[in-house]
């Protein structure tokens, strides 16, 4: 991989001195932009201290970077991010200490945006540390992605819905448009955003201060960076900002990743693009920005399965959600096939919520590659990224609500299309009714005819309602006939199964007509006395 870069800075049209600083270190592949603040002879001091402190910290950790580049399993990306965060904290302490020591520099601070590119065993990886409202953009496949978030009052108001992005200049907050909510050196420590991602051949990066990006239009950056000579790009961007007014200092660094002679590198990039494409198409991740999608992709593992190999088994505790990258996966319950999933489809998402047993089994029907997202890693994102977690949980609720509505519609359709069985013939009080016996209705196992049998009416002295004998019959001095129907239509009138449908009818001097109707079409009968007095219990296997 070859990196090409160019940088420039300019005072602008309205400032009398330049408080910006930048640093480019080819050997370390380190790029920094810092926009100082704090008035005359203070802002540039803060930005200068910051870029040099950061450079020294990264240089001292060259061994860590080399081990990562060689694929040392003991060095993970998170350790490089922690190193950058500690470096920014060191710079913050240094700026703050200088401000406390010199009265004329009290309150000085700076923004900082850091891009560190580290060669890896498979592909280079980018690492970002960021504080303030300078920016880092990525231009990939003619699409522009902002990789940093502005720590500014305006952005905070936009996020909270107080104003819209296009209304800032006409809002009552206009006078605070340059106010930042985080800066290096204003306090002894600062919260640092960190982020890591894979780098593709042909990627281009722009690091800049707000003196430039306020003059950029949406979607125009790819064309602005597309110049044959990279060294001409920073000056062209500065000219654009000055032509727009040049209200502040203007600093730009442009970095281009060469795409020459990178066939194996390119195959890896295509695979990463496929992962992002598949994740982006999922309803669960529909609201995520490019940067947030990359964060999700960073916690995924790619797992491969041979044809016929089991992926998950029914009844096992759920720990992982799977997304099909390529191949086919059969979902089944025992030997019964439920569905076949292909590229972009997913299963097992409830495992991200709890460890309930799997309700289905999944088996690869062809050579398949799947993305695996584990619950513990999903929880880490939710804990560390409040904004991202709100989007994920909101999408989760929407997906579950959609499924619930579909299930309800399917049940309603099933009820409407199932033919009602012949009604139970008008009951004629059998012999012995006066002596305290009533009929019970149930389906016969062989021919589904509705049969009747006699159940003894309890004596009036039996005032305690309940199934005292454990045989499913309810005895009480206030309940008249009992109609019991087995939920599978097999003539079990004992009532011992908790899924039996049971209707209780109010006591009367005459035995009312009793009907048993399979209203749901599922073999479960509901008994009624013709006056709407019914009680039924239905259960559905999940």
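Here residue 287 passes the criteria (1) at pLDDT 90 or above; (2) part of a loop (DSSP other than H, G, I, E, B); (3) closer than 30 Å to residue 398 by Cβ except the one numbered (1). Could you list, in sequence order, all residues of segment 335-358 that are more than 25 Å from residue 298 (Cα to Cα), surrounded by fewer than 18 Cβ atoms within 10 Å (Cβ to Cβ), at pLDDT 90 or above and in contact with a strand residue (DSSP E or B) (Cβ under 8 Å, 6 or more places away or on another chain)? Scanning segment 335-358 gives 337, 338, 339, 340, 357.
For residue 238, indicate whether it is in contact with a strand residue (DSSP E or B) (Cβ under 9 Å, 6 or more places away or on another chain), assigned to a helix (DSSP H, G or I) and either on the phi < 0 side of the Ramachandran plot or in contact (Cβ under 8 Å) with a residue 24 or more places away in the chain (or both). Yes. Among the conditions (1) over 29 Å from residue 212 (Cα atoms); (2) out of contact with any helix residue (DSSP H, G or I) (no Cβ under 7 Å at 6 or more places or on another chain), residue 61 misses just one, which is (2). Considering only segment 75-193, give the strands (runs of 3 or more DSSP E) lying wholly within it that have at least 2 residues that are buried (at least 20 other Cβ atoms within 10 Å of the Cβ) and touching a residue at least 40 places away in the same chain (Cβ under 8 Å). Because the criterion is at least 2 residues that are buried (at least 20 other Cβ atoms within 10 Å of the Cβ) and touching a residue at least 40 places away in the same chain (Cβ under 8 Å), the strands (runs of 3 or more DSSP E) in segment 75-193 that meet it are 112-118, 125-131, 135-140. A single member of 25, 35, 56, 20 is touching a residue at least 12 places away in the same chain (Cβ under 8 Å) and surrounded by fewer than 17 Cβ atoms within 10 Å (Cβ to Cβ), and it is 25.
Is segment 408-420 home to any residue that is in contact with a helix residue (DSSP H, G or I) (Cβ under 6 Å, 6 or more places away or on another chain), under 30 Å from residue 285 (Cβ atoms) and either surrounded by 15 or more Cβ atoms within 10 Å (Cβ to Cβ) or modelled with pLDDT of 85 or more (or both)? Looking through segment 408-420, none of the residues is in contact with a helix residue (DSSP H, G or I) (Cβ under 6 Å, 6 or more places away or on another chain), under 30 Å from residue 285 (Cβ atoms) and either surrounded by 15 or more Cβ atoms within 10 Å (Cβ to Cβ) or modelled with pLDDT of 85 or more (or both). Mind listing whichever residues of segment 197-210 are modelled with pLDDT of 95 or more and either surrounded by fewer than 17 Cβ atoms within 10 Å (Cβ to Cβ) or touching a helix residue (DSSP H, G or I) at 6+ places or on another chain (Cβ under 6 Å) (or both)? Hit for segment 197-210 is 204, nothing else. When residue 345 is tested against (1) over 21 Å from residue 275 (Cα atoms); (2) free of Cβ contacts under 8 Å to residues at least 24 places away in the same chain, exactly one condition is not met: (1). Filtered by the rule that a residue be part of a loop (DSSP other than H, G, I, E, B) and free of Cβ contacts under 8 Å to residues at least 24 places away in the same chain, segment 59-74 gives 61, 72, 73, 74. For segment 211-229, the set of residues classified as assigned to a loop (DSSP other than H, G, I, E, B) and surrounded by 11 or more Cβ atoms within 10 Å (Cβ to Cβ) consists of 214, 215, 216, 220, 226, 227, listed by residue number. Among the residues of segment 62-73, none qualifies, meaning not one is out of contact with any strand residue (DSSP E or B) (no Cβ under 6 Å at 6 or more places or on another chain) and farther than 20 Å from residue 123 by Cα. Residue 367 satisfies every condition listed in (1) surrounded by 15 or more Cβ atoms within 10 Å (Cβ to Cβ); (2) touching a strand residue (DSSP E or B) at 6+ places or on another chain (Cβ under 8 Å); (3) touching a residue at least 60 places away in the same chain (Cβ under 8 Å) except (1).
The values are calculated or read from the model by the stated rules, or taken from the named source; none is laboratory data. Because the structure is a prediction, the values reported are computed rather than measured. Glycine also receives a Cβ, built like all others from the backbone with ideal geometry; neighbour counts cover every protein chain displayed.
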